[in-house]
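Enquirer: Dropping a structure here in structure tokens format, bear with me for questions.
Laboratory data are not the source of any read-out in this text; all were calculated from the coordinates shown. In this text, all values refer to a predicted model and were calculated from it rather than measured experimentally. Using ideal geometry, Cβ is built from the backbone for each residue, glycine included, and neighbour counts are taken over all protein chains shown.
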Amino acid sequence: MESTPEGQVVYQRPASLADVPSHYCPGCTHGIAHRLIAEVLDEMEVRERAIGVAPVGCSVFIYNYFDCDFVEAAHGRAPAMATGIKRLLPDRVVFAYQGDGDLASIGMAEIMHAAGRGENITVIFINNAIYGMTGGQLAPTTLPGQKTTSSPTGRDVEVMGFPLRMSEILSTLDGAGYIVRRSLHDPKNIRMAKKAIRLAFEAQVRGLGFSMVELLSTCPTNWGIDPLEALRWLEEHMIPVYPIQDFKVAPTIAGLRI
Amino acid sequence: MPRELLKGNNAMAEAAIRAGVEAYFGYPITPQTELLEHFSQRMPELGRVFLQAESEVAAINMVYGAACTGARVMSSSSSPGVSLMMEGLSYIAGTELPVVLIDVVRGGPGLGNIAPSQGDYNQIVHGGGHGDYHPIVLAPASVQEAIDLTVLAFDLADRYRTIVVVLADGNIGQMMEPAELPPMLPLRQEYPEWAVRGALGRERRVLTSIYIDPKDEEVVNFRLMKVWNQIQANEVRYREYYLDDAEFIVVGYGTAGRVALSAVREARDQGIRAGLFRPVSLSPYPYAQLEALAERAQAFLVTEMNSGQMLDDVLKAVKGRVPVEFYGRMGGMVPFPNEILAEIQRIAAAPLTIKADPRLDWMERFAGFIEAAGSKN
């Protein structure tokens, strides 16, 4: 690049991200996740081949924020819908974006079988330990003792069971090619998340099977704390239950330098 | 094409393949499993998509995604499986996508049994998924008609961007009879302007069924209703048998209509002026044709393999002009021609009154029969 240090662009809106304001609450990490995906689509030059599948939940309107083709799934069914698209259009880059209620509760069958089939799709899984859009109810990923509007005295594991660790579960399946967990609570982890998203899409275009990046995220509104405090809460309470880790990395991806 | 001895389920599957279906997603359930099996062999050898899903819920949502690409896509199932598909069907309707579904109906409610039934009439014709929408519903009475209506289903789905259900019963799916398959059509080369296939060299497209502002959703509902009005005006289908001078008109569809035809012929041999009106499109329903028949008929006999679900549509068409009687078998039972013949004879012999609910008299007449059958349990 011929630009001088003064004229060099160091930060701009990715072309894959639409130039519109989002509806997300202040401090919510959905915006970071969206931007990381858009940067990856730009870097891999696949925007015009990409088809996104939107979930039901806070990110139901994700299709407004991306400058690529999108469809909107029923609650939990994004992996099935993505399967239908990918099977007909195997050379397109198909990705689903799902929250924890969508993926780990109502959509458990669809995510398990998409992974089990080694479906060549990429899933970005937002785990914020709560139902956001309906106003803060118990999620399958809610921590033991965590208060929500439907567990007002805290998640009692005797009654409500234990949180589900989806990355660990899905990584046991032979069809999974790339399964990792990352977090969006600080710049270092955001950079790691970006790289993981890139590798997940690289796994798809290489036909290595199902790929998923779980992103630990905050929900200041429904957690009832301010955005900074939410970032600290994620680090202190969520990471001990949901460790930042690579659970399954296909050898081709492990050897990839990007 | 030569006539071949074909089983209904295989014939419908092969007809769909020849109509250019590019992807099939399904789940095993009796009595439609031969559809799934036929596709599992034929689709891969033709380089098309076959996938056995983890459930009917997943199957219809795979169909939903596949339909977004503008390809001809379908699924098939039987009653309990179709219940599971209702969520996806509503989304497909709300997104205005062409999809074909074959429902090979079995006895119910609940797990019921695997015998032929017409118990899904209300679920498919009048109900189904949530929200305002109307699918086209076609009911075959033979293997040949099942083939022809399956091909037609794809054309209608494309023309109106709508769901078309081929509502067969277990008899149609399971029986074998000679029939002629259509020629193999080439696959679609150009996809509709709404299809989501990647934004290569064009503006992005979004397919969705969410319209968060009620004003926008109402616009969609109104558009769906305008399409439905076109469908009602153009796509009513039915068959008439011996109706020119008929005094007593039997109304039945699918297998019940076919059994009734045997009874009507026997009644004619006995000098009773009976005829058969067989709706082929259950949605849109041939109300106007039935209303016209009510001007000259002495009485109607509605016969179904359910408790009188279509009966309400006949009553709506006849508008109390002449008596309407009902004879049904339920729970996977299929009427014999002599049962319907006995009903025709009864109607022809006795003075009839116009009743608000013909089911009540039918149940009274039928009670002894049921008790005798039930006493064996």
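Enquirer: What are the principal axis extents of the Cα atoms in segment B:316-377, in Å, biggest first?
Expert: The Cα atoms of segment B:316-377 stretch 42, 21, 19 Å along their principal axes.
Enquirer: Also: Which one, B:199, B:333, A:63, is farthest towards the positive end of the dipole of the protein assembly as shown when Lys and Arg carry +1 and Asp and Glu -1 on their Cβ?
Expert: Towards the positive end, the residue furthest out is B:199.
Enquirer: Output wanted: per-residue J couplings in Hz (rounded whole) for segment B:280-286, from phi through Karplus 6.51 cos²θ - 1.76 cosθ + 1.60, θ = phi - 60°, x for Gly and Pro.
Expert: Karplus values, whole Hz, x for Gly and Pro: 9, 8, 7, 8, x, 8, x.
Enquirer: Hey, fewest Cβ within 10 Å first, where do A:111, B:114 land in order?
Expert: The order, fewest Cβ neighbours first, is B:114, A:111.
Enquirer: Add -39500 (n - 2.57) for each DSSP H run of 4 or more in the protein assembly as shown, then divide by its residues: what number comes out at 222 nm, to the nearest 500 deg cm²/dmol? The partial results should precede the final answer.
Expert: Working: 21 runs with 236 residues, N = 635.
Roughly -11500 deg cm²/dmol at 222 nm, from the helical runs in the protein assembly as shown.
Enquirer: Counting each pair of different Cα atoms once, what's the Kirkwood radius of segment B:232-359 in Å, rounded to one decimal?
Expert: That comes to 14.2 Å for segment B:232-359.
Enquirer: In segment B:109-126, which residues have a backbone nitrogen under 11 Å from the label point lying 7 Å from residue B:30's Cα in the Cα-to-Cβ direction?
Expert: Under cut-off, by backbone N: B:113-115.
Enquirer: Convex hull over the alpha-carbon atoms of chain A: what's its volume per residue in Å³?
Expert: Measuring per residue, one finds 131 Å³ for the Cα hull of chain A.
Enquirer: List the residues, sorted by chain then number, that are 5 or more residues from residue A:133 or on another chain and whose placed amide H is less than 5 Å from its amide H.
Expert: Correct list: A:58.
Enquirer: Excluding the sites themselves, what is the longest stretch of chain A that contains no GluC sites (Glu not before Pro) in a DSSP loop with at most 13 other C-beta atoms within 10 Å?
Expert: After excluding every exposed loop site, the longest remaining stretch is A:46-258.
Enquirer: Now for a different question. Helix B:8-18 against the longest principal axis of chain B: what's the angle in degrees, Cα atoms only, rounded to the nearest 10?
Expert: Tilt of helix B:8-18: around 40 degrees.
Enquirer: Assign unit charges at the C-beta atoms only (+1 for Lys and Arg, -1 for Asp and Glu), then state the dipole size of chain B relative to its Cα centre in Debye, rounded to the nearest 20.
Expert: It works out to roughly 240 debye.
Enquirer: Here's something else I'd like to know. Based on DSSP loop calls and a cut-off of at most 13 other Cβ atoms within 10 Å, the longest stretch of chain B free of exposed GluC sites (Glu not before Pro) is what?
Expert: Value returned for the longest uninterrupted segment is B:1-189.
Enquirer: Shifting gears a bit: Counting only Cα atoms, I'd like the Rg/Rh figure for segment B:28-75, Kirkwood definition for Rh.
Expert: Answer for segment B:28-75: 0.96.
Enquirer: Also, I was wondering about something else. Kirkwood hydrodynamic radius for segment A:36-156: how many Å is it when counted over pairs of different Cα atoms?
Expert: 15.0
Enquirer: How large is the translational diffusion coefficient of the protein assembly as shown in µm² per second when you combine the Kirkwood radius over alpha carbon pairs with Stokes-Einstein at 20 °C and 1.002 mPa s?
Expert: 80
Enquirer: Out of all Cα-Cα pairs in chain B, roughly what percent, to the nearest whole number, are more than 41 Å apart?
Expert: On the way: 10467 of 70876 pairs.
That tail contains 15 percent of the Cα-Cα pairs.
Enquirer: Right, next: Of all trypsin sites (Lys or Arg not before Pro) in segment B:128-237, which ones are in loop regions per DSSP and have a Cβ with at most 14 other Cβ atoms within 10 Å? It would help to have the intermediate numbers written out before the result.
Expert: Values: sites: B:159, B:161, B:188, B:197, B:202, B:204, B:205, B:215, B:223, B:226, B:237; in loops: B:161, B:188, B:197, B:202, B:204, B:205, B:237.
Answer by residue number: B:188, B:202.
Enquirer: Nearest 20 debye, what's the magnitude of the dipole of the protein assembly as shown about its Cα centre given +1 on Lys and Arg Cβ and -1 on Asp and Glu Cβ?
Expert: Result for the protein assembly as shown is approximately 520 debye, rounded to the nearest 20.
Enquirer: Give me the one-decimal nm value for the distance between modelled label points at residue B:130 and residue A:64, 7 Å along each residue's Cα-to-Cβ direction.
Expert: 2.1
Enquirer: I would also like to ask the following. In a shell of Cβ-Cβ distance under 9 Å around residue B:57, excluding residue B:57 itself, what net charge do Lys and Arg (+1) and Asp and Glu (-1) give?
Expert: Numbers: positive: A:77; negative: A:110, B:54, B:56, B:87.
My count for the surroundings of residue B:57 gives -3.
Enquirer: Here is a further query. Stick to Cα atoms and the Kirkwood definition of Rh, then tell me Rg/Rh for segment A:133-258.
Expert: When Rh is taken as the Kirkwood radius, the ratio is 1.02.
Enquirer: Between residue B:333 and residue A:23, what is the FRET efficiency for a Förster distance of 60 Å, r being their Cβ-Cβ separation, to the nearest 0.05?
Expert: 0.60
Enquirer: What ³J(HN,Hα) values, in whole Hz, does the Karplus curve 6.51 cos²θ - 1.76 cosθ + 1.60 give for segment B:351-363 when θ = phi - 60°, with x put for Gly and Pro?
Expert: Once θ is set to phi - 60°, the couplings for segment B:351-363 become x, 10, 10, 7, 10, 5, 9, x, 5, 5, 5, 4, 4 Hz.
Enquirer: Taking R0 as 22 Å, what's the FRET efficiency between residue A:192 and residue A:108 from their Cβ-Cβ distance, rounded to 0.05?
Expert: Plugging the Cβ-Cβ distance into 1/(1 + (r/R0)^6) gives 0.25.
Enquirer: Show me, for segment A:204-214, the HN-Hα J-couplings you get by feeding each phi into the Karplus relation (A = 6.51, B = -1.76, C = 1.60, θ = phi - 60°), rounded to Hz, glycine and proline as x.
Expert: 5, 5, 8, x, 8, x, 5, 10, 8, 10, 8
Enquirer: Please get the size of the charge dipole for segment B:249-326, origin at its Cα centre, with Cβ charges of +1 on Lys and Arg and -1 on Asp and Glu, quoted in debye to the nearest 20.
Expert: Roughly 200 debye, rounded to the nearest 20.
Enquirer: Report the calculated FRET efficiency for residue A:91 and residue B:180 (r = Cβ-Cβ distance, R0 = 41 Å), to the nearest 0.05.
Expert: Step by step, r from the Cβ atoms, then E = 0.60.
Enquirer: Using amide H atoms built 1.01 Å from N in the peptide plane, name the residues 5+ places from residue A:99, or on other chains, whose amide H lies under 5 Å from its own.
Expert: A:126
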